[in-house]
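Read the structure below first, then the notes.
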Amino acid sequence: MTTLNRSRETSKRAAVARESALSVKWARRREVAQEVFRNPLTVLGLIIIGLFFLMALAAPLLTEANTPDPYQSPRDWSNISVPPGEAGHVLGTDATGGDVLYGIIWGSRLSLQLSLTVVGFTLVFGTIVGSIAAMRGGRLDNLLMRVVDVFLSIPELIFALAIAAVLGPSFRNIILALAAVFWVKYARIVRGEIIRIKQAEYVAAAKVTGDSTWNIYRKDVLPNAVSPLVVQATLDMGNVVLIGATLSFIGLAQAGLTEWGAMVSAGQSGLLAGEWWLSTFAGLAIVLWALAFNLVGDGLRDVLDPKTEGR
Amino acid sequence: MARSDDWLLRVDDLSVHFESSKGVAHAVDHVSFDIYPHETLALVGETGCGKSVTARSILRLVPEPPGSYASGSISLRNGDGSVTEILTATERTVRSIRGDRISMIFQDPGKALNPGLTIGRQLAEVFGEHRMSMILGNAGFDPEKPSRTATKIVQQRAGLLERGVYRLTHLRAPKALQKSIDDSVMQALADTGIPNPRKILGSYPHELSGGMKQRVMIAQALACDPDLLIADEPTTALDVTIQARILDLIHEMQQRRGMAILYITHDLSLVRQFADRVAVMYAGRLAEIGPSAGVLASPQHPYTQGLLAAIPRPATPRGQLAAIPGTVPQLIDPPPQCHFASRCSFAASACHQVTPQLLTIADKHDVSCHRFDTASRIDVSPQDMPSAATLGGVASS
Amino acid sequence: MTLLSGSLAADFGGTTDAVVALHGVKVHYPVKEGVLQRVTGQVRAVDGVDLSGPRGQTLGLVGESGCGKTTLGRVIAGLVAPTGGDIWVDVDATQHSEIERLRGVATEDRSPEDQASWKSLESNHRLGSMSRDKQSRYRRNCQVVFQDAFSSLNPRQLVRDIVGRPLRVHKEASGEDLDRRVIELLERVGLDSQHLLRFPHQFSGGQRQRISIARALALNPEFVILDEPTSALDVSVQAQILNLLVDLQKDLGLTYLFITHDLGVVQHMSDRIAVMYLGQIAEYGPTADVFNSPLHPYSRILRDSNPTLEDSLDTVKWDLSGTVPNPVNPPQGCRLHPRCPVARAECGWSIDDVLTDAERNTPVVFETISRVERKSDFRATVSFSEPEQAKKFAKRIGSLAAHEALEQPIRLDDKLVEVSFNEVSEAQLQQLKDGRWSSCTRTQNLGALPEL
C-alpha cells in the first residue's frame, strides 16, 4: 500500500518536473543574457547594431525607393556635390547628384545582406568541415587541415581580392569571394574545440551508455563547441563588412552602388576640393558597424569563455 | 588563547575577503596563529577552507581586487628583534621579504617554472641575487668591492652588449664567473638529490618529471636560506613513492638549514610524520591548533574528529567509514555561528547563534568549539554541551 | 618451491564465475615521428595482462600514474580497443579451465573436438567474436564511473537528461516513466527529485559523483568499473561516496573493478588487489595478504610509501630509486629491476641498464662514450674517446648488482669495453601460494620476498 502511494507520488513529481524542464533551460539562458547585459560597452554595441537593423528594415519608409534599382542613389542633377543640409539633402550629395543619406540607409541593407550571407554560410560550412575532420580523424583530417592551412597562409584580403577579380566586379561576387575565404577559420576553431571535447570524460561516459556517434556529436560535442563560434561569428559580422567595403573601395562593386565602401571610394576624388561629406559619412557608417560588432563580440567572449563559464 | 613571545611569524586576527557578483566571500575569517623558528606547522583543511589563501596572505600574494585584507595583521620578526608588518609594508619591503626571508613552493611545479628558459638560466637568476658574494669569491673576485659589471653579470642583469664588452676587456674573468654561477647552482641541485645536475642545467622544464621539477623548485626556494618556507601541497600532484622522497628531502633540508616550515596539506596522515604542530581550518576559520601528536591522538574539535574518522584504515569495516554528513557551507556573508554546526552531531542551538572563540584547553592546544566555553576539561562528552541559555549569557556579558 | 600451475585469470577466489576475464591483453600505441609520421616505436601502455573480475566481489587495481591502470579499465569498458589478447565475458570455472587448456595447444595441433569447443567458446564468450547482440548486452552490463566528476558530466545537460540518457538510448523508458526512473535512481544514491532539473555546475564534487553513479546504475549493470571515483574529493566526502558504493554493492550484488592510486582506499574497498607497474601486473592476491606480506618488492614499496595514521614509524621502509622508465622501451626481465632495492643478478640486466646507470651516476664517463655497437639487447661493444673513462665504466659495472649477471667477464681493450649479459626472458606472473601471484623472479625462486 505504502509503496503504491510512494510510486504515485513519484509520478506526480515527475510530471511537474517535466513541465519545468524547459523553463529551467530558459532560465539558464536568461542568466547568461543578463551577464551579457551587465557590460555597458556590450549594451552600447547592441544598441548600435539594433539601430542599423532598424535602418535597414525601414529603408523604404525612411526614403522613397529609387526605381528601377533601389541600390542606386536617386540622382538630383541640379544639385551636384552640395554640402550637408543644402537643397534638402541632409548629408549632401555626391558628384553625380546622388543623395548621401539615401546611400547610407540603403547601404546598411547591403551590409546586412553581405555579413549575414557570408557569416551564415561560412559558419555552417566551416562547422561541417571542422566536424568531419575532428570526428573522423586520421588521413581525412590531415587532408582537410592542409587545405585549411593553404587558405590561412594567404592574407584574407588579398585572397578575397584575387577571387573577386577573377569573378569580375559585382556585389554578388564580393559575397562569393568572402565566403570562400572566411570558412577556414570556423573549420579550424570547430576542429580544435571538438578534439578538446572528445578528451572530456563525459564523451567517454556517453560512449559507455551505448549512444551512437551521431547522438554523441549532437548532444555532447557540438553544444559544448559553440561558444567560441558565436564569438567569432559576431566579430566576423563586423570584419566581413570591413573587407567587403575594402573590395568595393578598390572598385570591385558595380559603379554607383550604395555600398559604403564604394561610397568612400567615390567621395575620395572630391576630398581635395573640400567635398568631405561623402567619404566621411560612409566611412563613419563602416567604422560604427565594425565597432559595434566588435564590442558585442568581446562582451560575449568574456561571458562565454569556457574558463569563466558556469562559475 | 595563550601565545608565547618567541615567534618568528605572527598571524593575528587575519580576515581575507573576496568580492564576487554574489556577495563578499569570507575566505579567511579572523584567523590567528604563530609560527616559531625551526618548527613545522601544518595547516590542514579541505578544499576551500582558506588554507591556501592564508598562506598566500603571508607573502601578500592575494590578488587585490577581488581580494582584500579585511582585518588583522601579519608580523615577521627580523634578526635584530624588530618586527615587519607585512600587510602594511611598502611593496618594496614585501618584495625583499619574498625573496629573502620567506620562500614558497607550490602544488604544481610545472606551472611555477618558466617553460621557455633552461633550468640553469632560471636558477642562475635566483642564485645571482642571493649568493652574490659567494659566487664572486669563488670566481676570484673580491666580494667586498666587486666591479659593477661583474655584479650585473652575476645578477643576470647585464645586457648583451655589456657582456660582450666585458668578455673582450677581461681575459679569464667571464668564464670563471659563469663557472662559479653554474657550480653554485649545481651544488644546490645536487643537495636536493638530483642525479647528474649538469645535465639538468641545460634542460627545459618539460623535459623533467614531476618529482624532478619539485626538486628544482625546492633548490630555488632554498637559495636565499629563508627563515620560513611555505610548502603549498608540495606533493599532491606527485605519485606516492615520489611523495615520500620529496617530503623526506624537505625535512632533511629543514634539519640542515634550520628554517621554519608552514606546510599546507589536505592529508592528515602526512601531518603525523612531518609536522610538529597542526592547525586545522574549516570554512575560513581555525577549528583546532595544537601539537600534531596530541591533535591526532585525541582530536577535540568535532570537525577534526570527523576528518580523522573519515580516513579509511585497515581496521574499519568496509562501508562503515564515519563520513561527515552534508557539505561545506557557503562562505558568502556567513551568519555569526559555528560554521560546522550544520554538519556536527553534537551541535546545540548555541552553535547556530554564536561564533565560537579559540580557547586553550591544554598546553599549546586551542580549540574553537562551544563545548569548551564553560568546561575546561578535555574529556567532554556530548552531554556536557553547554545549553543555549548559558552560552547566550556568556556572549552578551 | 614448486609453482602452482594455472593462469591468474582462472583464479576466482571461491566464487564460481567471472564477469570478465582477460588473457594477455595488450594496448600498444604507435609513436609517430617526423613529417611523414613514420612509426618509430610502440608505447606499451598495457603489455600482457591476465586478470579476472570475480562475480560479486571488488577487484582493486592499484599503481602509480602511467602504469596503465586507467587504460586497462577503458579496455574492459570497451572504450579502447586492445591491440592483442582476448577478453572473455561471463565464463564459469569449467569454461575457464577449458579456455586455459586450449590456449596451451597450438591451433594446428588441436583435435577436431578441441576446435569445435574453442569455436563455441569464442562465439559465445569472446569479445570481438561473439554476436553483436551478446556484445551489446555486455556493454550494457558493464558501466563506468569516471574519476573527474567535473568533466564526466556534460555541462549543458540537466541531471534528468544525464542520468536518464542510458534509459533513453536503450529505449527502456521515456516521458513520465523516464522521469520516475531517474528520480528513483537519484534517491538510490542519496539525491532526490529536487535535483532533477539542475545543471552539473550547481552541485558540489561529491554530489556530482553521486550523479555519475546514478547514471552508471541506470541500466542495472552487474559490473561497474570505478576509475578513481574519489581521488578528486575531500576525505570527508570520499567517505560518503565509498560507503554509498559499498551499500549499492550489497543491495544490487554488483561486481566492482576499483581503479585507484590510493592504497588506503583500495585496502578498504577491495577483496583482491592487482598491483600494476609499467603495463603489467606485478602482484595479485587477497587484499589483506598483499598488504601484510607483499610478495613483490613494488607492492612493498607502495605500501611503505603510503602515509597512514597507524603504522609504527620505526620499521624499515623500502624505497624506489630513479624514475619510471620509458614505456616504449621497458627494461628486460623484471620491469622493476633498475629501480628495485633488492634486485640481483637474475633480474634481467641488459645493455640499456648499464648505459642508463652511467648517464645518471657517472655523467662524465657517459659523455665520453663515442659509439655503442649493439649485437643484441644483452651484448654490445661500447667505445670511449678516452681509455681512462673506459676503465672507469668497466669498474662501475663491476660494482653493480648487474656484474653477476654477466655471461662472460667484461673485456676491456684500450678504448673499447665489451659487455655481454646472460639473456633473460620476461618475468612472468606466477602463483606462489594459494591465490597469491607475483612476477618477482627472486620471490619466485626464494618462495618469499627477499630481505633488504
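Long hydrophobic helices in chain B: the complete DSSP H runs spanning 15 Å or more by Cα along their own axis with mean Kyte-Doolittle hydropathy of at least -1.0 are B:119-130, B:173-191, B:210-221, B:240-257.
When both bridge partners sit in chain B, DSSP labels roughly 65% of those beta bridges antiparallel.
Ranked from largest, the principal axis spans of the Cα set of segment C:349-420 equal 26, 22, 17 Å. Between 0 and 90 degrees, the angle of helix A:277-304 with respect to the longest Cα principal axis of chain A falls at about 10 degrees.
Would you mind calculating the gained length between C:D414 and C:L400 on full extension (0.36 nm times residue separation, minus the Cα-Cα distance), in nm to one decimal?
Full extension of this stretch gives 2.9 nm more.
The distance separating the Cα centre of segment A:23-66 from that of segment C:370-402 comes to 76 Å. What the protein assembly as shown shows is 44 Å² of accessible area per residue, with the surface traced by a 1.4 Å probe over protein heavy atoms.
Of interest is the spacing of the C-alpha centroids, which for segment C:28-57 and segment B:272-313 amounts to 43 Å. Restricting the calculation to Cα atoms, segment A:2-308 yields a radius of gyration followed by a Dmax of 24.7, 94 Å.
Counting only lysines at least 8 places from C:K395 when in the same chain, those with an alpha carbon closer than 24 Å to its own are B:K199, C:K375, C:K415. For chain C, the convex hull drawn through the C-alpha positions has a volume of 191 cubic angstrom per residue.
Taking a straight line from the alpha carbon of C:K391, these aspartates and glutamates sit under 15 Å away, with near neighbours fewer than eight places off in the same chain left out: C:E367, C:D413, C:D414, C:E418.
Show A:T213, B:T236 ordered by accessible area, largest first, where the area counts protein heavy atoms only and the probe is 1.4 Å. The partial results should precede the final answer.
Numbers: A:T213 95, B:T236 60 Å².
Ranked list, largest accessible area first: A:T213, B:T236.
Between A:S227, A:G238, A:V203, the Cα set farthest toward the positive side of the dipole of segment A:192-265 (charges on each charged residue's Cβ, about the Cα centre) is that of A:V203.
Within 10 Å of each Cβ in C:148-160, how many Cβ atoms from other chains are there, averaged over the peptide?
Numbers: counts 3, 1, 4, 8, 7, 4, 13, 8, 10, 7, 5, 0, 5.
Taking all residues of C:148-160 together, the mean is 6.
Using a 1.4 Å probe, how large is the accessible area of C:L449, given in Å² and rounded to the nearest 10? Spelled out: C:L449, probe radius 1.4 Å, area about 30 Å². The packing ranking of peptides A:97-103, B:203-209, A:290-296, highest mean first, is A:97-103, A:290-296, B:203-209, where packing means the average number of other beta carbon atoms within 10 angstrom of each residue. The calculated FRET efficiency for B:E19 paired with B:S96, based on their beta-carbon distance and R0 = 22 Å, is about 0.15.
Computed from the Cβ-Cβ distance with R0 of 56 Å, the FRET efficiency linking B:D80 to B:Y204 stands at 0.85.
Span-like helix check, chain C: qualifying full DSSP H segments, with Cα axial length of 24 Å or more and mean Kyte-Doolittle of 0.5 or more, are C:235-252. Measuring only protein heavy atoms, the 1.4 Å probe finds A:I47 accessible over about 100 Å².
Need one number: buried accessible surface between chains A and C, 1.4 Å probe, both sides summed, DNA, RNA and ligands left out, in Å² to 100. It comes to approximately 3000 Å² buried between A and C. Among the listed pairs C:K250/C:K317; C:K134/C:K250; A:K219/B:K213; B:K22/B:K364, which have their C-alpha atoms separated by more than 31 angstrom in this model? From C:K250/C:K317; C:K134/C:K250; A:K219/B:K213; B:K22/B:K364, over 31 Å: C:K250/C:K317; A:K219/B:K213; B:K22/B:K364. The sum of -39500 (n - 2.57) across all DSSP H runs of n ≥ 4, divided by the residue count of chain C, sets its helix-only mean residue ellipticity at 222 nm to -10500 deg cm²/dmol.
Summing both sides, the accessible surface hidden between C and B at a 1.4 Å probe radius is close to 3500 Å². Per-residue ellipticity at 222 nm computed for chain A from its helices equals -25500 deg cm²/dmol, with DSSP H segments shorter than 4 residues left out and the rest contributing -39,500 (n - 2.57). For the residues of C:245-255, the average number of beta carbons from a partner chain within 10 Å of their own beta carbon is 1. Taking only Cα atoms, what is the 0 to 90° angle, nearest 10, from helix A:40-57's long axis to the longest principal axis of chain A? Between helix and principal axis, roughly 60 degrees.
Using a 1.4 Å probe on the protein chains only, how many percent of the accessible area of the protein assembly as shown belongs to carbon and sulfur? Carbon and sulfur together cover 54 percent of it.
Largest first, the residues B:H17, B:H170, B:H38, B:H339 sort by 1.4 Å accessible area into B:H38, B:H170, B:H17, B:H339.
Residues whose amide H falls under 5 Å from that of C:R198, counting only those 5 or more places apart or on a different chain, are C:V159, C:R160, with hydrogens built in the peptide plane. Residues of segment C:255-277 with backbone nitrogen within less than 18 Å of a virtual label 7 Å along the Cα-to-Cβ line of C:L79, please, listed as ranges. Answer for this model: C:256-262. Normalising the Debye intensity of segment B:49-179 to I(0), with uniform scatterers on Cα atoms only, and taking log10 at q = 0.11 Å⁻¹ returns -0.58. Place a point 7 Å from Cα of C:K391 in the direction of its Cβ. Which residues in segment C:412-448 have their backbone N less than 20 Å from it? Backbone N within reach: C:412-419. I'd like the FRET efficiency for A:A87 and A:W276, computed as 1/(1 + (r/R0)^6) with the beta carbon distance as r and R0 of 25 Å, rounded to 0.05. After rounding, the FRET efficiency stands at 0.90. Per-residue mean of foreign Cβ neighbours for C:176-184 is 5 (Cβ atoms of other chains, 10 Å radius). Here the protein assembly as shown yields Rg over Rh of 1.01, to two decimals, using C-alpha coordinates and the Kirkwood radius.
Accessible area per residue (1.4 Å probe, heavy atoms of protein chains only) ranks A:L57, B:L358 as A:L57, B:L358, with the largest value leading.
In the complete set of protein chains, residue-level accessible area for C:E228 is approximately 10 Å², probe 1.4 angstrom.
Between C:T40 and A:Q268, the modelled labels are 5.3 nm apart [label points 7 Å from Cα along Cα→Cβ].
The values are calculated or read from the model by the stated rules, or taken from the named source; none is laboratory data. All of these numbers come straight from a predicted model, not from anything done at the bench. Cβ sites come from the backbone with ideal geometry, for glycine too, and all protein chains shown count toward neighbours. Please note that ligands, DNA and RNA were not included when accessible areas were found on the heavy atoms of the full protein model with its side chains. Shrake-Rupley method; radii C 1.70, N 1.55, O 1.52, S 1.80 Å.
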